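The values are calculated or read from the model by the stated rules, or taken from the named source; none is laboratory data. Since the structure is predicted, the reported quantities are computational estimates derived from the model, not experimental observations. Glycine gets a Cβ as well: all are built from the backbone with ideal geometry, and neighbour counts include every protein chain shown.
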C-alpha cells in the first residue's frame, strides 16, 4: 500500500517517457497527456483521502530504513500540494492544445511538461533534504527546456538569465546541504529536526538556516532575489508561463515552509525576523511593480511576487492560525495564478498585443472571458466569499496574534493595491471603448475557455467550500506547528 | 582546408574497440565494486565522440544508424521499469533482489535486478550525451 505514495511522481514520469516514443504524432501526444493527467488527479485524490483518515504515510525507497535510506513522506501538506499540482496541470495541458503550436508539440513539449510535474511532486513528497535538491534539479532541467522551447530570441535571452541564476542557487543549495551534513551528520529531515533540536542555539545552525533562506528565496522569488522572475516568466508562451507562475515559485516557498518549521525551529529570533522583514518588503516591491507596468503579462508576474510575500508572512508569524492561512493561500494561489495566466493568454490571443493601451472593449465579443477575469481578479484580491479570502483572513489573524501589526497593515494595503492592479486590466482591457471589431480579432479563443472556467470554478470552490477544505488544511498546518508527529511518522518504527 | 588525420583515424579504428570493451567491463563491474551504468555509459559515449572527431558526422551516422533520442527513451523505460516491478511483488519502490545463476563458459555468476536499472542508466547516459554533442556539432 505504501508504494502508492510514489505514484504522484511516477505517473507523470512514465507519461513523459512514453511520450518520448512518438514525438511527431501530435494528436496521440495530446490524448496521452490528457489521459495521464486525469489519472494523476485520481491517484492524488485517493492518496489525500487515505492520508486524512490514516495519518502520515511513509515510503522507504528500496526498503532501506528511515535515517539511512531515502524516504518519501506523505503528510497532508505534501499531498494537498501534489493534488493541487495535478488539478492545475490538467487545464494547462488542455490550454496548450490550442495555443502552444504544433512545432513545439512535436519537440517533446508534453514530455518536458510531465517531467516538470514529476519533479514538482517529488519535491513536495520527499523527506530527505538531499533528495529535495535532486527533485529541484529535475524540475529545473525540465523548466530550462520549457523556457527556451521554441527558441525565439527573447526566450533565449531570458532563459540564459534564468539558467545562470538557478545554477548559482543550486550550487549554494549543495553547499548548504554539505554544511548541514557536516554539523548534524544526517540528511533525513526528521532526523535533522531531532539533531538540530539537540544542537540548540548554536550560531552555525542560524548561518545554515540563512543560507537555505537565500537558496529558497532565489527559487521562490523573495525580495531581494526576485529580479530574475519578471523576465523569465513573461517571455515563454502563456501555457508555460502559467505552469511556472503556478508551481515553480511555490516549490521554493514550500521548501521554506518545511525547513523553517521542521528543521530550524529552535532559535527563531534571527531567522524568522529576517523572514518577516523580507516578506513585508517583497509585498511592497511586488505591488509597486504590479501597479507600475502597463503590460498585462508583467502586471500578473509582479502579482506572483506579492503572493510570495503574503505566504511567507504566515511562516514568519509561526503560529497555527498563520500556518493555516499560509497553506490555504498557497493552495489557492497555485490555482488562481494559473487561472489568471490562462485568461491573460486568451486575452492576448484575442487582442493581438499584451500592451494594455492596445486593448479595450473585450466584453463586447468575449463576455464569458470578461466575467471569468472579473471573478478571478476578486478572488486574487481576497474578496469574500471567493477563494483568496479564507487564506488572507487567517494570515491576518495569525499575524495579529504574533503581534506583527505593521506587517498586517502593509499586507492590507498591498491587497488593495493588488485589487487595483487587476481591476485596471478589467476597466481598460475588458470594458472601455472596443478597439477591434469582431472580424479584426486576432484569433479565436473558444478552445481556451474550458480550462479557464475549470480553474475559476476550482478557485470559487476553495472559497465557498472552505468548510470542506478546512480539515485538510488544518491537519497540514498541524505537522508544521508540531513537527513531532512528522518525526515520529518517519523514524517511529512504522516501517 | 584539409587536415591530414590519417594517424588519428588509424588509431581510432583500433583503440575504439578497446575503450568500448573496457566500458562494458566497467559496466558489469558495477554494483559491488567501482563501475556501473553511468561511467560505462560515459566511456561508451567517449568512444563515439572519438569516432566523430576522427571521421565526420555523416560517416559515423552511416556506420551506427542509431536514434539517440530513442535510445534515451528506451533507457528510461528500463530504469523506471525496474522500479515499477516492485508494485507487482508488493515490496517498497526501487527494491532490488539478486540470485546466482550458472552460465555455460562463464560459470557461476551473480545477477541482480539492479543490472536492468544500470542498463537503463547506461543507455540514458549515451543517449543524452550523444544527443547533446550531435546538436552542438550540427549547428553551423
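Scanning for something touching a strand residue (DSSP E or B) at 6+ places or on another chain (Cβ under 8 Å), free of Cβ contacts under 8 Å to residues at least 40 places away in the same chain and surrounded by fewer than 19 Cβ atoms within 10 Å (Cβ to Cβ), does the range B:75-96 turn up at least one residue? Within the range B:75-96 (the criterion being touching a strand residue (DSSP E or B) at 6+ places or on another chain (Cβ under 8 Å), free of Cβ contacts under 8 Å to residues at least 40 places away in the same chain and surrounded by fewer than 19 Cβ atoms within 10 Å (Cβ to Cβ)), the answer is yes, since at least one residue qualifies.
Which count do you get for residues in the range A:222-247 that are under 14 Å from residue A:161 (Cα atoms) and either part of a helix (DSSP H, G or I) or in contact with a helix residue (DSSP H, G or I) (Cβ under 6 Å, 6 or more places away or on another chain) (or both)? First the steps, then the outcome.
Within the range A:222-247, the subset under 14 Å from residue A:161 (Cα atoms) is A:225-236.
Those still in the list that are either part of a helix (DSSP H, G or I) or in contact with a helix residue (DSSP H, G or I) (Cβ under 6 Å, 6 or more places away or on another chain) (or both) too: A:225-226, A:228-236.
The number of residues fulfilling the criteria is 11.
If you go through the range B:36-70 and pick out every residue that is more than 17 Å from residue B:8 (Cβ to Cβ) and crowded, with 18+ Cβ neighbours inside 10 Å, you end up with 9.
Residue under question is residue B:122, and the condition is that it be more than 12 Å from chain A (Cβ to nearest Cβ) and exposed (fewer than 12 other Cβ atoms within 10 Å of the Cβ); does it hold? Working first, answer last.
Numbers: more than 12 Å from chain A (Cβ to nearest Cβ): yes; exposed (fewer than 12 other Cβ atoms within 10 Å of the Cβ): no.
So residue B:122 fails the test.
Looking across the range A:151-192, not a single residue is crowded, with 19+ Cβ neighbours inside 10 Å and on the phi > 0 side of the Ramachandran plot. Taking the criterion of being away from every other protein chain (no Cβ under 14 Å) and either closer than 28 Å to residue B:113 by Cβ or in a loop (DSSP other than H, G, I, E, B) (or both), the residues of the range A:54-69 that qualify are A:55, A:56, A:67.
For the range B:102-111, indicate whether the set of residues that are within 11 Å of chain A (Cβ to nearest Cβ), surrounded by 12 or more Cβ atoms within 10 Å (Cβ to Cβ) and either under 24 Å from the mean Cα position of the chain (by Cα) or more than 14 Å from residue B:40 (Cβ to Cβ) (or both) is non-empty.
Of the residues in the range B:102-111, the ones within 11 Å of chain A (Cβ to nearest Cβ) are none.
Checked against the condition, which is being within 11 Å of chain A (Cβ to nearest Cβ), surrounded by 12 or more Cβ atoms within 10 Å (Cβ to Cβ) and either under 24 Å from the mean Cα position of the chain (by Cα) or more than 14 Å from residue B:40 (Cβ to Cβ) (or both), the range B:102-111 yields no hits at all.
Yes or no: the range B:66-87 includes at least one residue that is at the interface with chain A (Cβ under 10 Å from one of its Cβ atoms), touching a helix residue (DSSP H, G or I) at 6+ places or on another chain (Cβ under 8 Å) and not in a helix (DSSP H, G or I). Among the residues of the range B:66-87, not one is at the interface with chain A (Cβ under 10 Å from one of its Cβ atoms), touching a helix residue (DSSP H, G or I) at 6+ places or on another chain (Cβ under 8 Å) and not in a helix (DSSP H, G or I), which makes the answer no.
Taken as a whole, the range A:295-304 holds no residue that is without any contact (Cβ under 8 Å) to a residue 12 or more places away in the chain and outside any helix (DSSP H, G or I).
Hey, any hits in the range A:307-314 for a residue that's in contact with a helix residue (DSSP H, G or I) (Cβ under 9 Å, 6 or more places away or on another chain) and within 23 Å of residue A:427 (Cβ to Cβ)?
Filtering the range A:307-314 down to residues in contact with a helix residue (DSSP H, G or I) (Cβ under 9 Å, 6 or more places away or on another chain) leaves A:307-314.
Those left that are additionally within 23 Å of residue A:427 (Cβ to Cβ): A:307.
Yes - at least one qualifying residue is present in the range A:307-314.
Mind checking whether some residue in the range A:29-40 is free of Cβ contacts under 8 Å to residues at least 60 places away in the same chain and within 23 Å of residue B:90 (Cα to Cα)? Within the range A:29-40, one or more residues are free of Cβ contacts under 8 Å to residues at least 60 places away in the same chain and within 23 Å of residue B:90 (Cα to Cα).
On the basis of being at pLDDT 90 or above and either crowded, with 23+ Cβ neighbours inside 10 Å or in contact with a strand residue (DSSP E or B) (Cβ under 7 Å, 6 or more places away or on another chain) (or both), does residue A:398 make the cut? Yes; evaluated as a whole, the condition is true for this residue.
So, of the residues in the range B:1-35 that are under 14 Å from the mean Cα position of the chain (by Cα) and assigned to a loop (DSSP other than H, G, I, E, B), which turns out to be surrounded by the fewest Cβ atoms within 10 Å (Cβ to Cβ)? Selected residue: B:35.
Taking the conditions exactly as written (assigned to a helix (DSSP H, G or I) and either within 13 Å of another protein chain (Cβ to nearest Cβ) or surrounded by 19 or more Cβ atoms within 10 Å (Cβ to Cβ) (or both)), does residue A:78 satisfy them or not? The answer is yes for residue A:78.
A residue that is crowded, with 21+ Cβ neighbours inside 10 Å, in a strand (DSSP E or B), more than 8 Å from chain B (Cβ to nearest Cβ) and touching a helix residue (DSSP H, G or I) at 6+ places or on another chain (Cβ under 8 Å) cannot be found anywhere in the range A:42-53.
Give the residue that is nearest to residue A:82 (Cα to Cα), with candidates limited to residues of the range A:115-154 that are touching a strand residue (DSSP E or B) at 6+ places or on another chain (Cβ under 7 Å) and in a helix (DSSP H, G or I).
So in the range A:115-154, the residues touching a strand residue (DSSP E or B) at 6+ places or on another chain (Cβ under 7 Å) come out as A:125-128, A:132, A:135.
Still in the list and also in a helix (DSSP H, G or I): A:125, A:132, A:135.
Details: A:125: 8, A:132: 15, A:135: 13 Å.
Within the range A:115-154, the match that is nearest to residue A:82 (Cα to Cα) is A:125.
Considering every residue within the range A:12-28, establish whether at least one is touching a residue at least 40 places away in the same chain (Cβ under 8 Å), under 23 Å from the mean Cα position of the chain (by Cα) and within 10 Å of chain B (Cβ to nearest Cβ). Within the range A:12-28 (the criterion being touching a residue at least 40 places away in the same chain (Cβ under 8 Å), under 23 Å from the mean Cα position of the chain (by Cα) and within 10 Å of chain B (Cβ to nearest Cβ)), the answer is yes, since at least one residue qualifies. Going through (1) in contact with a helix residue (DSSP H, G or I) (Cβ under 9 Å, 6 or more places away or on another chain); (2) free of Cβ contacts under 8 Å to residues at least 12 places away in the same chain; (3) surrounded by fewer than 16 Cβ atoms within 10 Å (Cβ to Cβ) one by one, residue A:69 falls short only on (3).
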